[in-house]
Every structure is written in structure tokens, then in C-alpha cells.
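A short write-up of the structure that comes next.
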Amino acid sequence: MNPMTNRPALRWQQLLGFAIFTAGLLIALVWTWQWIAAEPVLQTALASGSLAAFATALGVTPMLLARAPGRRIHDTMLGFGAGVMLAATCFSLIIPALGAAGLQGYTRLGAAGLVGVGILLGAGCLMLLERHLPHAHFFGGAGTDGGQRLQRVWLFVFAIVLHNIPEGLAIGVSAAGTDAARAGALATGISIQDVPEGLVVALALNSVGIGRWPSALLGAASGLVEPIAAVLGAAALVYSAPLLPWGLACAGGAMLFVVSHEVIPESHRQGHERFATTGLLLGFVLMMLLDTALG
């Protein structure tokens, strides 16, 4: 049998498979949108997560319009982001978690114990993912040559997604809480932190040999996981209100893990500890002021 005679049939099978996949994806998107539209809390989580994703994309623009910042500025920006995340963890996640546990009838000791266990669970879950799923560290990777380069790029992309999941979950969990102003402060703070983070992601990818435009696009796309994680985090608490203190505490623990395991060590790696610490203090104070003013 002539293989040429099978090509039209194979092409039609491929087109049919693509059409079925596209139709299924559109149906899933429509169903998801209807589900979100029916729940105001999920709409808030999606909007807040989308703001963070936009801030990540906004952060890559200096890489396309001007020369990349020096390493000292880079480390100061990392420290600033770490300070914002630490303050957000304290004032927008852990303290509200203690309050939510108290409203559910826990004593002060019981609430503290619950939140402490939740923090350890959140950090522990992310530690297990970080240990058992193949990835390259988000920051600090050296470039590779030859066939390993493409593999390292995808490991970077996976690490970026892993890094942004706790932020999206924190936004969603906070949106499902009872304090809308505090949730807005958290979303604002994470969005501010995501602006330099988007640039850092693009620079990290560019450092392993990826072109400027592909690095910028991947850096911008790295924030897309945040609205997804925000909706999932909010949905978990919408349908199970007693989980609110647990969710807030676990999100806080996951963010603490990211700050301690990735951001602060990398900001000190090149010997710019003083600048990184100054950035951390400024970021912490800014987020504290935002939380106090908006929350």
C-alpha cells in the first residue's frame, strides 16, 4: 500500500482530534467562568490574582526598554520583595488566622497551636514538592551548554510556577476571609513585590542563554499561575468555611518557606548583604504601612 494514500486520512484524523480538544477546552472555560461568576468571592480572588499577574508582566519591561540593572540593584530588589512577603505573611495571613481561629471558639493557646501547625504544614508541603519534583532552583542557576540547555530552561519554568503558587494561594485565601480591606492590602503588597520579581525571572532565564524577548515573555507568563491558584484557594474556603484559619496559616507557611529557601539566600549570594537587607527592611515597612492604611 502506498503511504501517500494514507496522508489525507491521517490529516483529517489530526484535524478532528484538534477540533475535539479545542471544543472541550472551550466548554471547560465557559463552565469555569460561569462557576466563578456565580460566586463574588471567586470573582474577587480572580481579579486580585490577575492584578498580581499583570504586575509580574509589567516588571519585565525594563529588560526590553533599557539595559538590565546591575547585580547590586538586582539583589536590593530581591531583598525588597522578601520584605514585602514577610510583612504580608505576618500582618495579612498569620494575624488574621489567629483572629479567625478565635472567632471559631478556640482559646488563645488553641488558636496559636492551630496556626503554628498550619504554618508547618504549609511549609512542609512546599518542601516536599521542592524536594521530589524535578526542577532547577528559581534563582542562582548557572548556564549550561549543549543539549542540557533546553532541559534546564524547562526546569526553570517549573521552578517559577512552584515559586508563585504560594502567592496566588495567599491572595485567594485572604479574599475568602472576612476582612476585605486586609485582603486588598495583601493583594496590593504581593503585586508590588511581583513587579521586581518579573524582572528577576526574566534575568534568570536570560542568564542561562535564553534570548531577551523569550526570557521576557516567559517572565511575564510566570505570573499566570497566580490567578489560578487564587481561585482554587478561595474556592476551598468558600465551600468549607471552618478551614479559613488553616488556609491562612498554610499560605503563610508556604510563603515563609519561599522567602527563606530561595529569595534571601540568593540576595546574599553575591556579597551585597547590606543592600539586600536594606531592601528587605524597606519592603517590610512599606507592606506594613499598606496593611495598616488599607486594613
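The values are calculated or read from the model by the stated rules, or taken from the named source; none is laboratory data. Nothing here was measured: the structure is a model prediction, and the numbers come from that model. Because the Cβ atoms are built from the backbone with ideal geometry, glycine has one as well, and the counts that use them run over all protein chains shown.
Brief remarks follow.
- Residues in segment 203-240 that are modelled with pLDDT of 75 or more, in contact with a Leu (Cβ under 7 Å, 6 or more places away or on another chain) and crowded, with 22+ Cβ neighbours inside 10 Å: Ser215, Ala216, Gly219, Pro227, Ala229, Ala230, Val231, Gly233, Ala234, Leu237.
- Among (1) on the phi > 0 side of the Ramachandran plot; (2) within 16 Å of the chain's Cα centre (by Cα) - the single one Gly271 does not satisfy: (2)
- Matching residues in segment 273-295 - criterion: being of a type in the set (A, V, I, L, M), buried (at least 17 other Cβ atoms within 10 Å of the Cβ) and modelled with pLDDT under 90: Leu286, Met287, Met288, Leu290, Leu294
- Members of segment 262-272 that are at pLDDT below 85 and either touching a Leu at 6+ places or on another chain (Cβ under 8 Å) or aromatic (Phe, Trp, Tyr) (or both): Val263, Glu266, Ser267
- Flag for Thr56 being assigned by TED's automatic domain parsing to the domain that holds Ala221 and farther than 21 Å from Met255 by Cα: no
- Restricting attention to segment 76-107 and to residues that are of a type in the set (Gly, Ala, Ser) and in contact with a Pro (Cβ under 8 Å, 6 or more places away or on another chain), the residue that is modelled with the lowest pLDDT turns out to be Gly81.
- Checked against (1) under 16 Å from Ala176 (Cα atoms); (2) without any contact (Cβ under 8 Å) to a residue 60 or more places away in the chain, Thr32 meets all criteria but (1).
- Scanning segment 65-122 for residues that are part of a helix (DSSP H, G or I) and of a type in the set (S, T, N, Q) turns up Thr76, Thr89, Ser92.
- Scanning segment 256-283 for residues that are among the small types (Gly, Ala, Ser) and over 21 Å from Arg131 (Cβ atoms) yields Ser267, Gly271, Ala276, Gly279, Gly283.
- Helices (runs of 4 or more DSSP H) contained in segment 172-281 and holding at least 3 residues among the charged types (D, E, K, R): 180-207
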